[in-house]
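In what follows, a single structure is set out as structure tokens and then discussed.
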Amino acid sequence: MEINIITVGSLKSSFLEPGIEEFKKRLSRYCSLNIIELKDETVPKSPSAKDIEALQALEGERIVKNIPERSYVFALDVKGKPMTSTGFAKSLHNLQVRGYSSFSFVIGGATGLSDFVLQQADYRFSLSHMTFTHQMIRLILLEQIYRAFKINNNEPYHL
């Protein structure tokens, strides 16, 4: 199985790096994990709606170019549908049964994802009703993917 995390912007918070590295190591026994960091655009201090739309469009072009063919695409979106951890695990399992072996998770930059990217997604979901930085979401998402593998393999997991 292939998991792709397509994320806008590089990791700038060094305190997140050890956690991300830990989950990359844990996931290596379950899947091939690719983290694809794309260039983020500089956001002006007081961006207009038009500025944000233009930034999202530029980042969106880069995102779409990096989604592998035949990959099931999850777009992380604050307006997306929430899932429980067990529901997420069940969704991944059901998609595998339907023949999917590649999953791409798209994390937008500071201004979010363009409508074009959201329309390309197979599923739009929210990890929480709370707001997190796009850098923190990377760690949270990796943990949830790992948890899904543990659930689907009937393996205990406690942190």
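The values are calculated or read from the model by the stated rules, or taken from the named source; none is laboratory data. Since the model is a prediction, treat every value here as computed from it, not as a measurement. Reconstructed Cβ throughout: ideal geometry from the backbone, glycine too, with neighbour counts over all protein chains shown.
At pLDDT 95 or above and closer than 26 Å to Leu55 by Cβ: does that describe Ile107?
Values: at pLDDT 95 or above: yes; closer than 26 Å to Leu55 by Cβ: yes.
Judged against the criteria, Ile107 is a match.
Condition check ((1) touching a Ser or Thr at 6+ places or on another chain (Cβ under 9 Å); (2) modelled with pLDDT of 95 or more; (3) more than 24 Å from Lys24 (Cβ to Cβ)) across all residues:
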site	(1), (2), (3)
His93	no, yes, no
Thr111	no, no, yes
Ser128	no, no, no
Thr133	yes, no, no
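I need a count of the residues in region 12-45 that are assigned to a loop (DSSP other than H, G, I, E, B), surrounded by 15 or more Cβ atoms within 10 Å (Cβ to Cβ) and not acidic (Asp, Glu).
The total comes to 2.
Find the residue count for region 113-135, including only residues that are of a type outside the set (A, V, I, L, M, F, W, C), free of Cβ contacts under 8 Å to residues at least 60 places away in the same chain and either out of contact with any Pro (no Cβ under 9 Å at 6 or more places or on another chain) or not in a loop (DSSP other than H, G, I, E, B) (or both).
8
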